[in-house]
């Protein structure tokens, strides 16, 4: 027992010598940052939320399809309480809706809803790209260049989810560098529905080519610090996407994503 106490005492002395904790009750932690958890572990609910969100965005679960709790529990390997939390969260994001006598289903998409999303995008994104172009410094330009290179690589692979991730990073850099943090919060709330529309338009001919090309036109204008050209390129990009979506979505019938 005494040898164990001596060993524990030696460990304690080493810990104190490394300044990992305060030496006495009167000596507060010298660096409060050491207590911060910078990378908290991802919870099971967060993992299930991301998996189901991506499955809906990618079209694995089709518009109008019932989301049966028991089946989702088996597919995701989580409890029913976790599934219910996830479905409530996705309902708030507009990806799930509650249908009478059916329960949760994948939200339907109609053109009149999509048109509103494109109108919001034009209003927010054109202003953000203009302000980004006015004040873009070399660091911002380099970040955008790196993201576009990543987007080009993933576009050649035709991987929808990685294309979405790169596109999201591109716009996040533009909004935040342009000082549009609140507008970016609004975009993030709509991001699930925006992403579903992006996947739908990406499935059409040549969109994986024209989309990145349009984004490069936005980048080129930012590179020149030309807000007018950036605004025009952004508007053209969103207008083209809206035109494709309108052709895919009947005014009366919700979309079926291929």
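Bear in mind that the values in this text are calculations on the coordinates, not laboratory data. Only a predicted model underlies this, so the values are computations on that prediction, with no experimental measurement involved. Every residue, glycine among them, receives a Cβ derived from its backbone with ideal geometry; neighbour counts consider all protein chains shown.
Computed FRET efficiency, Cβ-Cβ of residue 189 and residue 62, R0 25 Å: what is it to the nearest 0.05? Don't skip to the end; give the middle numbers.
Values: r = 23 Å, r/R0 = 0.94.
Taking R0 as 25 Å, the efficiency between residue 189 and residue 62 is 0.60.
What length, rounded to one decimal in nm, is gained on full extension from residue 54 through to residue 102, with 0.36 nm per residue of separation minus their alpha-carbon distance?
Residue separation times 0.36 nm, minus the Cα-Cα distance, leaves 15.0 nm.
Ordered by packing density, taken as the mean number of other Cβ atoms within 10 Å over each peptide's residues, highest first, how do 169-180, 105-116 rank?
Details: 169-180: 20.3, 105-116: 17.4.
Ranked by mean Cβ neighbours within 10 Å, highest first: 169-180, 105-116.
How much length, in nm to one decimal, is gained on full extension between residue 204 and residue 85, taken as 0.36 nm per residue of separation minus their Cα-Cα distance? All intermediate terms of the calculation are to be shown ahead of the outcome.
Values: separation 119, 0.36 × 119 = 42.84 nm, distance 3.40 nm.
Between residue 204 and residue 85, full extension yields an extra 39.4 nm.
How much of the pair distance distribution for segment 111-248 lies past 26 Å, counting alpha-carbon pairs only, in percent? Could the numbers behind the result be given before it?
On the way: 1344 of 9453 pairs.
The proportion of pairs with Cα distances above 26 Å equals 14 percent.
When the Cα centres of segment 43-70 and segment 154-227 are compared, how far apart do they sit, in Å?
A separation of 23 Å, based on Cα centres.
Round to the nearest 0.05 the FRET efficiency obtained for residue 161 and residue 74 when R0 = 22 Å and r is the Cβ-Cβ distance. Intermediate results must be reported in sequence, preceding the final value.
Details: r = 23 Å, r/R0 = 1.04.
Once rounded, the FRET efficiency stands at 0.45.
For labels at residue 176 and residue 228 in the simple 7 Å Cα→Cβ model, what's the distance in nm?
3.2 nm
Compute the relative contact order of segment 111-248 as a whole-number percentage, counting only Cα pairs closer than 8 Å that sit 6 or more residues apart in sequence.
Numbers: 146 pairs, mean separation 58.1, N = 138.
Here the relative contact order equals 42 percent.
Suppose R0 equals 51 Å; then what is the FRET efficiency for residue 47 and residue 235 from their Cβ-Cβ distance, rounded to the nearest 0.05? Please list the in-between numbers first.
Values: r = 38 Å, r/R0 = 0.74.
After rounding to 0.05, the efficiency reads 0.85.
With the radius of gyration and the Kirkwood radius both derived from the Cα set of segment 105-150, what is their ratio Rg to Rh? List each step's numbers first, then the result.
Numbers: Rg = 15.7 Å, Rh = 13.1 Å.
Expressed as Rg/Rh, it is 1.20.
Under a point spin-label approximation (7 Å from Cα along Cα-to-Cβ), what is the residue 145-residue 120 distance to one decimal in nm?
3.5 nm
Please rank 199, 68, 86, 96, fewest neighbouring Cβ atoms within 10 Å first, as an exposure proxy. Write down the numbers at each step before the final one.
Numbers: 199 19, 68 14, 86 27, 96 24.
By the 10 Å Cβ count, ascending: 68, 199, 96, 86.
Where does segment 134-207 land on Rg(C-alpha)/(2.2 N^0.38 Å)?
On the way: Rg = 13.2 Å, N = 74, 2.2 N^0.38 = 11.3 Å.
Rounded to two decimals, the normalised Rg is 1.17.
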